[in-house]
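The values are calculated or read from the model by the stated rules, or taken from the named source; none is laboratory data. Note that the structure is predicted; figures quoted are calculated from it, not measured. Cβ coordinates were reconstructed from backbone atoms using ideal geometry, including for glycine residues, and neighbour counts include every protein chain displayed. Note: areas computed on protein heavy atoms with side chains; ligands, DNA, RNA excluded. Shrake-Rupley method; radii C 1.70, N 1.55, O 1.52, S 1.80 Å.
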Amino acid sequence: MARKPIQRSLPPLAEQLPAFKGFAPAENKSRGLEKALRGVASRNRRARAQPFYSMREVSAFFGVTLPSVGKVYRQLEREGLLVRKRSSVTELAPLKTGRPVVHRGIVAVPIWLPGFLMFSDWREFFIELEQQLRRHNFVANLIFFRQGEDESPDFAQRVLGHEPESMVRLAPIPTMAFQMICEAGVRPVVLGNMPGQLLPGQRYFLSWNRGLQQCLAAWKKAGIRTVTIPRADPAPFTSATHAGERLIREAGLDCRIARPGGADWANYLDKLGRFDGEAVMFDEDIWQSRLCAQAPRAVAGLIRRVPVMVLRHLNVAAPDLAGAHVDWLGHDMRAIARRVAHDLDTGAAFSPGTPTVFEAEWNPHVPAEGRAAPFGFD
């Protein structure tokens with residue numbers, strides 16, 4: 001029995017997209033096709049379902065393969081724009097009463113749990129990112145993991161189980177799991193600060209250099225001759241800047257690295273800042289937070305004794321810092337989250353071009369009490 005012809009009422013694609021003359025050689029055809037068909041589908045939805053263009057018609061018009069068309073159709077089906085039936089007919093989904101909510105895709109957001117708990121600006125970033133992605137009709141899946149869990153293939157399967165189209169990572173380290181996720185077709189959006197480390201798809205960098213240089217120039221002008229950097233022994237696996245020692249020497253100042261050795265935490269901190277013309281600069285965020293947790297009053301005493309530059313926030317109770325001042329260096333993480341969500345919305349997060357650099361802001365001699373952010377949620 002011959003198959004009944006499908007009656008389609010939509011105008012030809014050439015009328016729907018009169019400006020389309022083919023994809024540019026360097027253009028990503030899959031993304032271009034998805035954007036074009038999403039626009040056509042959104043403009044033509046009515047109260048009742050109606051047949052959409054056949055995959056062969058779309059393939060011929062755009063000059064792309066049938067598998068590529070099928071992948072885009074499946075994405076638009078997940079967004080609620082298309083309905084694919086067993087008879088191979090693809091229909092435009094009918095408009096629903098009220099304002100339709102179209103989910104544009106799933107964004108996986110793996111979050112290193114210790115960082116989320118230690119750094120209040122991380123919490124600001126992820127909370128703002130989830131809100132902004134929701135505003136742009138993306139579904140943000142927040143996936144918390146503990147130390148080392150993101151290095152195993154099991155973690156890759158855990159992320160891929162959410163069926164994401166893209167993934168946002170803040171300050172990741174290169175792991176086999178990260179590579180597996182990317183090789184599965186998930187598009188990464190990476191915000192990194194590790195020197196010499198460029199992860200697949202990385203276009204965003206968190207830089208601390210300009211703020212550090214401004215701080216050192218001001219200290220030198222004020223008569224500081226030696227800058228002491230507290231350093232863990234051994235150093236933590238990740239760090240905020242890694243640049244302190246180099247920039248201190250470039251500024252023409254003496255650099256002293258202070259490691260704890262066998263001293264207890266309070267003793268170690270009490271020995272810092274005891275020389276004339278000395279200042280103390282933290283350039284490792286994890287080590288700074290660890291010292292604040294172990295010896296908060298000794299940290300407060302150090303801040304009262306000499307000029308100190310801190311990163312992000314201080315995990316010290318605000319009353320212990322009353323009347324003290326610090327030089328503070330940090331990023332506007334809410335603004336960065338808004339930028340990343342906007343770039344995901346427009347596709348700029350995956351476009352080739354000049355990398356985006358977010359510079360940290362230096363704030364001199366601010367009340368230390370206002371930089372207090374004890375462990376827990378703000």
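Summed over region 78-87, residues that are out of contact with any His (no Cβ under 9 Å at 6 or more places or on another chain) and closer than 20 Å to A184 by Cβ total 0.
For region 257-301, the candidate set comprises residues that are in a helix (DSSP H, G or I) and basic (K, R); within that set, the residue that is most open to solvent (accessible area, probe 1.4 Å) is R297.
State yes or no: is P352 open to solvent by 10 Å² or more (accessible area, probe 1.4 Å) and in a loop (DSSP other than H, G, I, E, B)?
yes
Determine whether region 360-375 contains at least one residue that is touching a Pro at 6+ places or on another chain (Cβ under 7 Å), assigned to a helix (DSSP H, G or I), open to solvent by less than 60 Å² (accessible area, probe 1.4 Å) and touching a residue at least 12 places away in the same chain (Cβ under 8 Å). No, because not a single residue in region 360-375 is touching a Pro at 6+ places or on another chain (Cβ under 7 Å), assigned to a helix (DSSP H, G or I), open to solvent by less than 60 Å² (accessible area, probe 1.4 Å) and touching a residue at least 12 places away in the same chain (Cβ under 8 Å).
Residue-level check: of (1) among the hydrophobic types (A, V, I, L, M, F, W, C); (2) without any contact (Cβ under 8 Å) to a residue 40 or more places away in the chain; (3) open to solvent by 70 Å² or more (accessible area, probe 1.4 Å), A47 misses just (2).
When L10 is tested against the conditions (1) touching a strand residue (DSSP E or B) at 6+ places or on another chain (Cβ under 9 Å); (2) farther than 25 Å from S166 by Cβ; (3) of a type in the set (A, V, I, L, M); (4) modelled with pLDDT of 90 or more, the lone failure is (4). When residues in region 40-94 are screened for being within 18 Å of N28 (Cβ to Cβ), aromatic (F, W, Y) and in contact with a strand residue (DSSP E or B) (Cβ under 8 Å, 6 or more places away or on another chain), 1 of them pass.
Just so you know, in region 257-298 the residues that are of a type in the set (K, R) and out of contact with any Asp or Glu (no Cβ under 8 Å at 6 or more places or on another chain) include one that is farthest from W122 (Cα to Cα), and it is R274.
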